[in-house]
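Here's the structure we're looking at; comments come further down.
The values are calculated or read from the model by the stated rules, or taken from the named source; none is laboratory data. From a predicted model like this one, the values you see are computed outputs, not experimental measurements. Don't worry about glycine lacking a Cβ; one is built from the backbone with ideal geometry, like all the others, and counts go over all protein chains shown. Just the protein is used for accessible areas: all its heavy atoms, side chains included, with ligands, DNA and RNA removed. Shrake-Rupley method; radii C 1.70, N 1.55, O 1.52, S 1.80 Å.
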Amino acid sequence: MFLHKPTLAELDLVAHAWEKILAEKPNTFRQQTLDDIRARPEFYLESIDGALDGSMLTLEDGSKVPKLPMITRYMWVDGAPAGAISYRWQPGTSELPIHVLGHIGYETFPWHQRQGYATSALAAMLEFPRQQGMPHIEITTNFDNFASQKVITSNGGALVEEFEKPASSGGGKALRYLIYLSA
């Protein structure tokens, strides 16, 4: 497994993976990702490299907020995507808006789970905030997502709180971790 920014030619593989997941587990953010890939593939590829374009993001409760800059890479295995991981930030600060639950979010596609890909992907993705001089990143997971908790703690995550996610993020109990970054 390695982290990979897909090429224009590889976007059909990425779109197919999102379609397969959406058929089983609908989600507003996943749908927006697929819509961007299908409608504006070149724009999508630019947007996953940290470009601020002024576009809006629709949250789970239907509210709209400005998109943060984001770097997205795909976990790539045997010539196809096995998952996605994104680092997002607010320029000039390590703070995040209330609707952003963490600096890094990831998802291993169901047919590739439990193979250590998310643990490796998170370790590799931490290079982006390190390069920006971030002192730490926040990362959250659902209270009952034990696999994700293991991924985070395997990468040095320290539990700082249990909290209730806002409705704009789907609600429910969650855990917040910090991963301290060395220069």
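Peptides 150-157, 32-39 ranked from most to least packed by the mean count of surrounding Cβ atoms within 10 Å: 150-157, 32-39. Cross-link reach is defined here as a Cα-Cα straight distance under 19 Å, omitting same-chain residues fewer than 8 places apart; for LYS64 the aspartates and glutamates meeting it are ASP35, ASP36, ASP53. Put simply, the convex hull of the Cα atoms in the chain casts, on average, a shadow of 9.9 nm².
Need one value: the accessible area of LYS165 in square angstrom, 1.4 angstrom probe, rounded to the nearest 10. Approximately 30 Å² of LYS165 is accessible to the 1.4 Å probe. Straight Cα distances below 15 angstrom link LYS173 to the aspartates and glutamates ASP144, GLU161, GLU162, GLU164, with same-chain residues fewer than 8 positions distant left out.
Phi angles of region 19-31 translate, via the Karplus equation with coefficients 6.51, -1.76, 1.60 and θ = phi - 60°, into HN-Hα couplings of 4, 4, 5, 4, 5, 9, 9, x, 7, 4, 5, 4, 5 Hz per residue; Gly and Pro are given as x.
Bridging of LYS67 to lysines at a Cα separation below 21 Å is possible for LYS5, LYS165, once same-chain residues fewer than 8 apart are set aside. Backbone phi angles across region 122-127, fed through the Karplus curve with coefficients 6.51, -1.76 and 1.60 (θ = phi - 60°), yield HN-Hα couplings of 5, 4, 5, 5, 4, 5 Hz in residue order; Gly and Pro are listed as x.
Per-residue ellipticity at 222 nm, computed for the chain from helices alone with -39500 (n - 2.57) per DSSP H run of at least four residues, works out to -9000 deg cm²/dmol. Take the alpha carbon gyration tensor of region 74-165, find the square roots of its eigenvalues, order them as a ≥ b ≥ c, and report rounded if a/c is under 1.5; if not, report prolate when a/b exceeds b/c, else oblate. Note, shape of region 74-165 comes out oblate. In sequence order, region 56-64 has phi-based couplings of 10, 10, 8, 8, 4, 8, x, 6, 10 Hz under the Karplus curve 6.51 cos²θ - 1.76 cosθ + 1.60, θ = phi - 60°, and Gly or Pro positions carry x.
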